[in-house]
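Asks: Structure provided below as structure tokens; questions to follow.
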Amino acid sequence: MADPSSYRPKPGQIPDSPGVYKFRDEHRRVIYVGKAKSLRQRLASYFQDLSGLHPRTRTMVTTAASVEWTVVSTEVEALQLEYSWIKEFDPRFNVKYRDDKSYPYLAVTMNEQFPRVQVMRGQKKKGVRYFGPYGHAWAIRDTVDLLLRVFPVRTCSAGVFKNAARTGRPCLLGYIGKCSAPCVGRVSPEEHRELAEEFCDFMAGRTGTYIRRLESRMTEAAEEMEYERAARLRDDIEALKKAMEKSAVVLADATDADLIALAEDELEAAVQIFHVRGGRVRGQRGWVTDKVEAVTTGDLVEHALQQLYGEETGDSVPKEVLVPALPELVEPVQEWLAERRGSNVSLRIPQRGDKKALMETVQRNALQALGLHKTKRASDLTTRSRALEEIAEALDLDSAPLRIECYDISHLQGDDVVASMVVFEDGLARKSEYRRFQIKGFEGQDDVRSMHEVITRRFRRYIAEKEKTGEWADGEIGLTEEDGRPKRFAYPPQLVVVDGGQPQVAAAKRALDELGIDDIAVCGLAKRLEEVWVPGEDDPVVLPRTSEGLYLLQRVRDEAHRFAITYQRAKRARRFRASPLDDVPGLGETRKQALIKHFGSVKKLRSATIDQICEVPGIGRKTAEAITVALAQAAPAAPAVNTATGEIMEDATDTTDATGTTDATDVTDAESETTAGSAGEPVSAGSSDERRGQER
């Protein structure tokens with residue numbers, strides 16, 4: 001590990017002008033390429049105190065052994081040179097978008113004497129018109145099959161074309177009218193090229209002209225009583241319309257735009273691009289990248305633009321590019337795009353209307369792509385095994401932690417403080433083992449005390465189960481109920497993970513020590529820098545950002561946070577919807593609903609006599625007396641007010657949600673710990689940070 005001060009340039013050496021810089025390692029390999037409006041200011045930021053640098057930046061500067069730079073005249077030149085060097089050197093610390101597949105394009109080889117329509121992948125060739133990319137090759141073939149009826153362009157390979165020309169017999173498509181058969185001279189090279197150009201115009205979005213032209217010809221044929229020709233034209237029109245329907249109309253007819261959306265977490269980002277041409281979504285593609293360097297959303301957008309348009313020119317760069325965030329230096333990027341297109345390009349964030357709605361759709365696709373990527377990564381057995389081994393090595397454990405439990409505290413400004421316990425076995429979530437806790441040892445907000453209480457209660461139950469059955473000789477005796485289900489809290493974990501840093505880790509360790517448990521490892525994962533803290537250590541364990549072990553710990557932590565905040569919200573919602581009838585012993589949901597249906601509101605029920613309450617089916621005199629006492633003790637709700645007139649709406653008082661709990665599941669337990677069981681589907685990983693400042 002190099003000391004950055006050993007290769008720091010001397011004061012005054014670095015010019016105060018735009019340029020591009022390269023960091024090299026001890027083997028002279030380029031490990032990072034960057035650009036700057038001012039090289040002096042940017043490079044100076046890398047040589048400050050290491051403790052003030054982002055962890056990823058700190059890793060980069062300590063891996064590097066030298067830095068060099070190239071001065072350019074404008075920021076646009078800096079952008080171009082940065083892109084060229086990234087393509088040339090493939091630096092390990094730069095953002096790299098990994099395309100999740102090779103996307104097929106519909107290509108028209110206008111560089112040939114007889115242009116050919118075909119599916120193409122990979123590097124784009126000069127003189128070839130491309131449309132797409134498409135998600136699947138069959139989508140291209142379906143579209144082409146419909147269009148060949150109107151634009152019978154050649155689709156055969158060079159070998160088939162030459163063989164047909166030699167024998168004087170066209171292929172099958174030539175016989176059925178889906179190829180103009182230039183191979184046997186049915187059309188001249190000029191006529192065939194004109195067909196290919198019309199095909200390209202239609203694919204580029206200029207569809208109205210051809211539809212109207214065919215409709216006019218169909219009308220003329222019908223007026224001249226050439227009904228067979230009119231029928232063929234009618235079928236041609238239907239084929240074109242069917243081909244157009246395959247691409248959804250989303251924007252105005254003349255709109256040519258690319259929409260770029262991002263979904264990201266601390267380690268990875270997914271990019272989704274929708275290509276809109278002629279107001280229709282003509283193609284879609286996506287990438288996933290590791291966030292090797294410390295980057296903002298604007299930086300990711302800039303890298304995506306470089307990846308997307310670095311090799312493109314002309315109409316391949318649209319008039320408008322819509323993004324979720326603008327790069328730090330917008331003008332150079334716009335100038336660079338304009339140079340590649342040959343005319344002005346608008347780079348902006350959509351604010352309203354159809355474009356903003358479509359951007360939200362692209363964003364949902366990005367979130368889904370990131371979630372799918374994470375799911376694929378987590379489901380791989382080899383990857384999970386490697387993750388567990390990396391955790392064991394980093395925490396100096398005797399063996400891989402096959403069972404991991406993670407705990408998180410959630411509250412809203414100190415109210416409704418709850419905790420969650422999630423369980424991962426062999427790297428996979430075990431939802432039947434999830435547990436929830438209400439913090440009841442004290443009032444108010446104190447995450448450290450809450451963590452101590454939760455760990456104490458969980459492992460006190462573990463010790464109680466252990467004492468019932470004695471020491472398990474074979475690891476199986478006494479671990480299940482009579483019905484075969486595992487006993488709650490019966491299995492001990494090999495690793496306890498807490499959501500937090502040193503204070504929370506120390507609290508968890510202290511709770512285990514007080515219970516005399518010394519064979520369970522403890523660590524904490526701090527959210528801000530993704531550092532792993534272990535008890536008694538002043539410095540965290542920093543796992544490599546590409547570590548599968550770190551990725552697994554993040555998944556465990558995020559799932560604990562999701563489960564805790566879901567419970568906290570449900571608990572808060574039940575409190576807000578509480579009803580005086582909740583305090584009546586033995587009064588269930590069915591009879592609550594019957595009471596409200598009979599009287600119409602809690603207000604009218606409060607004014608009813610015991611005899612009137614007894615008239616409700618299923619309500620006896622003893623229950624009626626209990627209802628009367630409960631309603632008398634409860635303070636009446638404030639009357640509703642019509643904000644428009646100021647009128648007090650007496651009849652509306654107490655009419656909302658008859659029982660207050662009809663749609664909430666009341667979960668109770670002697671210890672206030674509740675099982676997850678089948679507690680619904682998990683929400684997306686992106687929701688784990690919602691309102692984290694106030695609600696956690």
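Asks: Tally time: how many residues in region 417-427 are of a type outside the set (A, V, I, L, M, F, W, C) and in a strand (DSSP E or B)?
Replies: Final tally of qualifying residues: 2.
Asks: Same structure, new question: Please specify each residue of region 243-268 satisfying the condition of being touching a strand residue (DSSP E or B) at 6+ places or on another chain (Cβ under 7 Å) and at pLDDT 75 or above.
Replies: Matches in region 243-268: Thr255, Asp256, Ala257, Asp258, Leu259, Ile260, Ala261, Leu262, Ala263, Glu268.
Asks: To continue, here is another question. Please state which of the following conditions Leu81 fails to meet, knowing it meets all the rest: (1) within 31 Å of the chain's Cα centre (by Cα); (2) in contact (Cβ under 8 Å) with a residue 60 or more places away in the chain.
Replies: Every condition holds for Leu81 apart from (1).
Asks: Let me ask something else. Using the structure shown, decide if Ala239 is modelled with pLDDT under 85 and assigned to a helix (DSSP H, G or I).
Replies: Answer is yes for this residue.
For every residue, the table says whether it meets (1) surrounded by fewer than 18 Cβ atoms within 10 Å (Cβ to Cβ); (2) among the basic types (Lys, Arg).
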site: Arg42; (1), (2): yes, yes
site: Gly52; (1), (2): yes, no
site: Pro55; (1), (2): yes, no
site: Thr59; (1), (2): no, no
site: Ala64; (1), (2): no, no
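Asks: Filter the helices (runs of 4 or more DSSP H) completely within region 315-400 down to those with at least 1 residues that are open to solvent by less than 40 Å² (accessible area, probe 1.4 Å), closer than 27 Å to His303 by Cβ and touching a helix residue (DSSP H, G or I) at 6+ places or on another chain (Cβ under 6 Å).
Replies: Because the criterion is at least 1 residues that are open to solvent by less than 40 Å² (accessible area, probe 1.4 Å), closer than 27 Å to His303 by Cβ and touching a helix residue (DSSP H, G or I) at 6+ places or on another chain (Cβ under 6 Å), the helices (runs of 4 or more DSSP H) in region 315-400 that meet it are 330-341, 381-394.
Asks: Being part of a loop (DSSP other than H, G, I, E, B) and either acidic (Asp, Glu) or free of Cβ contacts under 8 Å to residues at least 12 places away in the same chain (or both) narrows it down to one of Asp539, Asp611, Asp582, Asp558, so name that one.
Replies: Being part of a loop (DSSP other than H, G, I, E, B) and either acidic (Asp, Glu) or free of Cβ contacts under 8 Å to residues at least 12 places away in the same chain (or both) holds for just one of Asp539, Asp611, Asp582, Asp558, which is Asp539.
Asks: Could you tell me whether Arg458 is among the charged types (D, E, K, R) and modelled with pLDDT of 85 or more?
Replies: Answer is yes for this residue.
Yes/no matrix, rows are residues, columns are (1) surrounded by fewer than 17 Cβ atoms within 10 Å (Cβ to Cβ); (2) at pLDDT below 85:
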site	(1), (2)
Gly600	yes, yes
Ala608	no, no
Pro617	yes, no
Ala632	yes, yes
Pro636	yes, yes
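Asks: Which one of the conditions (1) of a type outside the set (S, T, N, Q); (2) open to solvent by 50 Å² or more (accessible area, probe 1.4 Å); (3) under 34 Å from the mean Cα position of the chain (by Cα) does Gly12 fail to meet, given that it meets all the rest?
Replies: (3)
Asks: Of the residues in region 494-525, how many are open to solvent by less than 20 Å² (accessible area, probe 1.4 Å) and not in a loop (DSSP other than H, G, I, E, B)?
Replies: Residues meeting the conditions: 14.
Asks: Could you tell me which of the residues Gln612, Gln593 is out of contact with any Gly (no Cβ under 9 Å at 6 or more places or on another chain) and modelled with pLDDT of 85 or more?
Replies: Answer to the check: Gln612.
Asks: Also, I was wondering about something else. So, in region 428-446, of the ones that are in a strand (DSSP E or B) and among the basic types (Lys, Arg), which residue ends up nearest to Leu412 (Cα to Cα)?
Replies: So the residue we want is Arg436.
Asks: Looking only at region 137-189, count how many residues are surrounded by 13 or more Cβ atoms within 10 Å (Cβ to Cβ), hydrophobic (A, V, I, L, M, F, W, C) and either at pLDDT 85 or above or in contact with a Phe, Trp or Tyr (Cβ under 8 Å, 6 or more places away or on another chain) (or both).
Replies: Total meeting the criteria: 17.
Asks: Okay, moving on. Considering only residues that are among the polar types (S, T, N, Q) and within 44 Å of the chain's Cα centre (by Cα), look in region 146-194 and name the one that is farthest from Met110 (Cα to Cα).
Replies: Filtering region 146-194 for residues that are among the polar types (S, T, N, Q) and within 44 Å of the chain's Cα centre (by Cα), the one farthest from Met110 (Cα to Cα) comes out as Ser157.
Asks: Follow-up question, since we're still on this one. Scan region 92-119 for residues that are out of contact with any helix residue (DSSP H, G or I) (no Cβ under 6 Å at 6 or more places or on another chain) and either at pLDDT below 85 or hydroxyl-bearing (Ser, Thr, Tyr) (or both) and report the count.
Replies: Number satisfying all stated conditions: 10.
Asks: For region 289-314, which residues satisfy the criterion of being surrounded by fewer than 19 Cβ atoms within 10 Å (Cβ to Cβ), small (Gly, Ala, Ser) and part of a helix (DSSP H, G or I)?
Replies: Across region 289-314, the qualifying residues are Gly298, Gly314.
Asks: Right, next: Mind listing just one residue for me: the one in region 549-570 that is modelled with pLDDT of 80 or more and open to solvent by 20 Å² or more (accessible area, probe 1.4 Å) and, of those, farthest from Asp426 (Cα to Cα)?
Replies: The qualifying residue farthest from Asp426 (Cα to Cα) is Thr566.
Asks: Of everything in region 71-98, what is within 12 Å of Val33 (Cβ to Cβ), open to solvent by 50 Å² or more (accessible area, probe 1.4 Å) and polar (S, T, N, Q)? Give them in sequence order.
Replies: Passing the criteria: only Ser84.
Asks: Confirm whether Val271 is closer than 27 Å to Thr63 by Cβ, in contact with a helix residue (DSSP H, G or I) (Cβ under 6 Å, 6 or more places away or on another chain), touching a residue at least 60 places away in the same chain (Cβ under 8 Å) and not aromatic (Phe, Trp, Tyr).
Replies: yes
Asks: Something else now. Could you tell me whether Val422 is buried (at least 17 other Cβ atoms within 10 Å of the Cβ), more than 28 Å from the chain's Cα centre (by Cα) and within 30 Å of Gln445 (Cα to Cα)?
Replies: No; evaluated as a whole, the condition is false for this residue.
Asks: Moving on. Anything in region 425-452 that is aromatic (Phe, Trp, Tyr) and open to solvent by less than 20 Å² (accessible area, probe 1.4 Å)? List them, or say none.
Replies: Tyr434, Phe437
The values are calculated or read from the model by the stated rules, or taken from the named source; none is laboratory data. Keep in mind that this is a model prediction, so the values were computed, not measured. Backbone-built Cβ (ideal geometry, glycine too); neighbour counts: all protein chains shown. Ligands, DNA and RNA are stripped out before the accessible areas are found, and what is left, the full protein with its side chains, is counted by its heavy atoms. Shrake-Rupley method; radii C 1.70, N 1.55, O 1.52, S 1.80 Å.
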